[in-house]
């Protein structure tokens, strides 16, 4: 059997399993087991468990459940609400202040979680009802939150950046720094489009009688500032070389737990049962996807699919920007059907040498890849953030959620084009802080 036919069979099996509604981790795992069995027969039994464990048996992955726990602690307590209300009270006089508050809250919350669905859920529960109450169009209310939630995988600390760093043996600290300016740029672009979209749909940004005194503005700051200080401190020790990402994540999770307990006086164990349960479920889901994706990658390699594909690409005489265009199309299509973690684990080791040999910066490519994955989060048929929004606001028709979300896809494509023209947006901070990449 040729590698091409074997690859088509594996992809077909994967899509059939996904079409049945099977969880992504199980679909990847079963398709991978089929591929390994095609190559090794019954002897494949001996390598399955070892290969899956190797996919997650890396100490650096400890950072993932710690960052997820940080997000659950903020999302599962009044902390997320305080963050949202604080931004709203300071920005309410700005035209479109509430939609700016929502996207800004998503950006800040991303620094606490590294998770897109968690960001989307935490801010959406408060932001969508409040925006609808103040008269914002449903598509603006839901679309801005769905898109803002995608910032969770770009703005550091980012779970996808950790996975990319481990998969390609690149510096996680440098990857985090690489995401700072693009994250700020994309946040600003989201805000600009949200204002244009709301005004285009007839919203006037005037809320009669709404006013917050200075005392009301200051009220929430004592609760928000300690959490922001944790983020700043965690970033400082990480980028300053004081701690590894796993150590910084562990310390951040512990400090967040202490702050939440003391500030909100949550002294009963039952207050934290759903929080830790939610963090455990999401962490296990991510780890299962990564383990299954590693097995799937092993199956592709065993059948010489990845080697054949890499060799074919290497022999193609093509302009490097045309090659990058093809890679972006591949990532966009993959992101439509698979979660970011699965795409990165399977594709990053294959694409990394191709990108580097073509003369592209691997840290720049990590940001471009991540924005492609953001697009998949708000694009059918998977669109994890769309499902989150639908569960928060089931009364809003799916058509309106999609009409509000899809224009942000064009905004993200524009962001990729800007980064292609000005790659220094990605590389400036890492090179200034850590020196040129080796």
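We did not get these values from a lab; they are worked out from the coordinates using the rules stated. Every value quoted in this text rests on a predicted model; they were computed, and no experiment measured them. Reconstructed Cβ throughout: ideal geometry from the backbone, glycine too, with neighbour counts over all protein chains shown.
In table form, for the structure just shown:
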item	result
Residues 212, 46 arranged by fewest to most Cβ contacts within 10 Å	46, 212
Gyration tensor (alpha-carbon) shape descriptor, the range 96-169, a/c threshold 1.5	prolate
Sorted by Cβ neighbour density within 10 Å, fewest at the top, the residues 112, 235	235, 112
Neighbour-count ranking [beta-carbon atoms within 10 angstrom, fewest first] of 280, 189	280, 189
For the range 184-299, alpha-carbon Rg relative to the globular expectation (2.2 N^0.38 Å, N residues)	1.56
Rounded if a/c under 1.5, otherwise prolate or oblate - the range 284-438, Cα gyration tensor axes	oblate
Candidates 377, 214, 331: whichever shows maximal mean-square fluctuation once the chain is modelled as a Gaussian network with Cα springs under 10 Å	214
Estimated FRET transfer efficiency (residue 414, residue 320; beta-carbon r; R0 22 Å; 0.05)	0.55
Relative contact order computed over the range 293-419 (Cα-Cα under 8 Å; 6+ residues apart), in percent	25
Two-decimal Rg to Rh for the chain - Kirkwood Rh, Cα set	0.97
Degrees between helix 305-315 axis and first principal axis of the chain (Cα, 0 to 90, nearest 10)	90
Angle in degrees between helix 362-377 and the longest Cα principal axis of the chain, rounded to the nearest 10	70
Degrees separating the helix 97-113 axis from the principal Cα axis of the chain, which is the longest one	50
Inter-centroid distance (Cα atoms) of the range 356-370 relative to the range 279-354, Å	14
Expected 222 nm ellipticity per residue - DSSP helices of 4 or more, -39500 (n - 2.57), all of the chain, to 500	-25500 deg cm²/dmol
